Amino acid sequence: MPLLFNAGKARIRGFEAEASYHAGGLMLDGAMSILDDQIRSITPIPGATATVAPGDDLPLTPSFQGNFAIGYEIRAGSRYTVTPRFEGSYTSHVTFITGSVPEIEQKGYFVANASLELGIDERWKVQAGVINLFDKRYLIQGNASLGTLGYAEKMYARPRSWYLQLSAAF
């Protein structure tokens with residue numbers, strides 16, 4: 001019979017910032033976050049073996065994340081605009097469960113996206129883009145029970161993909 005208990009005490013401290021600059025057709029955007037997380041204490045549970053220890057990282061709390069985007073809107077006659085855009089994001093080392101299980105931890109990674117948008121009469125927009133431009137393979141989730149059931153599972157992000165989008169303002 002599974003029993004659930006509070007694990008103990010943990011602490012998360014952090015800082016985040018974002019900035020945006022748009023002038024003329026130029027668009028610059030960026031953001032970052034810094035996290036300091038730590039399991040401070042573990043509640044002893046009679047008959048159970050702890051799989052985490054004070055000092056371990058909390059799951060899904062990378063110490064650094066940052067992103068940026070640059071785009072430029074170009075007028076093409078009186079009715080049209082063309083806007084190329086490039087975006088990038090970096091995520092530092094991520095653990096997916098408490099305790100250290102290197103088989104399902106993700107080292108820091110960078111992912112880029114790019115798009116091209118055609119604006120028509122300030123009402124219609126057609127946008128084509130590529131997500132995961134450099135086809136980076138990285139984990140988005142993981143789970144393991146190596147000590148009891150002998151398994152580790154990994155879930156990866158989608159490979160490079162493209163899209164086409166039509167939108168209208170009314």
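The values are calculated or read from the model by the stated rules, or taken from the named source; none is laboratory data. Quantities reported herein were computed from a predicted structural model and do not represent experimental measurements. In this analysis, Cβ positions are derived from the backbone assuming ideal geometry, glycine residues included, and neighbour counts consider all displayed protein chains. Keep in mind that these areas ignore ligands, DNA and RNA; they rest on the heavy atoms of the full protein, side chains included. Shrake-Rupley method; radii C 1.70, N 1.55, O 1.52, S 1.80 Å.
Numbers below:
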item	result
Residue that is nearest to GLN141 (Cα to Cα), among those in the stretch 95-110 that are open to solvent by less than 40 Å² (accessible area, probe 1.4 Å) and of a type outside the set (Val, Ile, Thr)	PHE96
Of all residues making up the stretch 111-134, the number that are under 21 Å from GLN65 (Cβ atoms), open to solvent by 70 Å² or more (accessible area, probe 1.4 Å) and either at pLDDT below 95 or not in a strand (DSSP E or B) (or both)	1
Members of the stretch 136-159 that are surrounded by 12 or more Cβ atoms within 10 Å (Cβ to Cβ) and under 19 Å from the mean Cα position of the chain (by Cα)	LYS136, TYR138, LEU139, ILE140, GLN141, GLY142, ASN143, LYS154, TYR156, ALA157
Matching entry among LEU35, LEU28 (being surrounded by 16 or more Cβ atoms within 10 Å (Cβ to Cβ), assigned to a strand (DSSP E or B) and touching a residue at least 12 places away in the same chain (Cβ under 8 Å))	LEU35
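Conditions tested, residue by residue: (1) in contact (Cβ under 8 Å) with a residue 60 or more places away in the chain; (2) surrounded by 15 or more Cβ atoms within 10 Å (Cβ to Cβ); (3) over 25 Å from GLU105 (Cβ atoms); (4) among the acidic types (Asp, Glu).
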{"site": "GLY47", "(1), (2), (3), (4)": "no, no, yes, no"}
{"site": "GLN65", "(1), (2), (3), (4)": "no, yes, no, no"}
{"site": "ALA76", "(1), (2), (3), (4)": "no, no, yes, no"}
{"site": "TYR90", "(1), (2), (3), (4)": "no, yes, no, no"}
{"site": "HIS93", "(1), (2), (3), (4)": "no, no, no, no"}
